[in-house]
Amino acid sequence: MKRTVEFTVNGDAYRLDIEPNRRLIDVLRDDLGLTGTKEGCSIGVCGACTVTVNGEMVSSCLMLAVNAQGAEIVTIEGLAQGDRLHPLQQAFIEYGGFQCGICTPGQIMAAKALLDHNPHPTREEVVEWMTGNLCRCTGYYKIIDSIMAVVEGKVARAQEATT
Ligand code: FES
Ligand code: FES
């Protein structure tokens with residue numbers, strides 16, 4: 001039997017009737033059309049499906065959608081403001097933080113969760129935090145470089161210089 005669940009996604013309020021065994025990633029992608037969130041391993045290991053729920057990093061392949069009752073959910077689609085990319089998105093472009101891009105939404109959402117809690121982590125703290133997000137393409141250095149560019153204010157300065 002379906003249950004009625006209310007939550008917000010990227011600031012939009014939803015009231016949905018959901019089977020209790022459906023995962024959050026499936027509701028986001030299939031019901032709401034938010035396909036930026038990717039599925040990799042399906043077992044909580046790769047981080048591709050990372051979103052934030054009430055500001056905390058969550059693997060949406062492991063969370064039942066009904067358990068998001070009342071939550072504020074943010075996906076990769078919620079980061080840009082109009083045509084203006086979030087600094088992390090801009091940094092991944094400028095610093096080569098992705099290749100195929102499958103892992104990238106999860107990488108960026110994980111990095112956002114870190115910087116929201118700690119805007120000035122060390123490089124070592126960033127590396128430690130990002131260990132739950134796997135990438136088969138980049139070798140990780142450029143992902144960390146991209147995040148550190150935001151930490152060090154390089155991207156924000158670059159954006160200001162072009163506007
Ligand atoms: S798809 Fe969720 S952690 Fe890999
Ligand atoms: S950019 Fe291809 S898996 Fe990370």
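If you check Gly47, Gly106, which single one turns out to be assigned to a loop (DSSP other than H, G, I, E, B), at pLDDT 95 or above and of a type in the set (Gly, Ala, Ser)?
On inspection, the qualifying residue turns out to be Gly47.
When you check Thr35 against the structure, is it modelled with pLDDT of 95 or more, among the hydroxyl-bearing types (Ser, Thr, Tyr) and under 22 Å from Thr131 (Cβ atoms), yes or no?
Here the answer is no, as Thr35 does not meet what is asked.
Determine which single condition Glu39 fails, assuming it passes every other condition in (1) free of Cβ contacts under 8 Å to residues at least 24 places away in the same chain; (2) away from ligand 2 (no atom under 16 Å from the Cβ); (3) not hydroxyl-bearing (Ser, Thr, Tyr).
Failing condition for Glu39: (2).
For region 67-98: of the residues being assigned to a loop (DSSP other than H, G, I, E, B), within 17 Å of the chain's Cα centre (by Cα) and within 16 Å of ligand 2 (Cβ to nearest atom), which is surrounded by the most Cβ atoms within 10 Å (Cβ to Cβ)?
Result: Gly97.
The values are calculated or read from the model by the stated rules, or taken from the named source; none is laboratory data. This one's a predicted model, so the numbers in the text were calculated from it and none came from an experiment. Glycine gets a Cβ as well: all are built from the backbone with ideal geometry, and neighbour counts include every protein chain shown.
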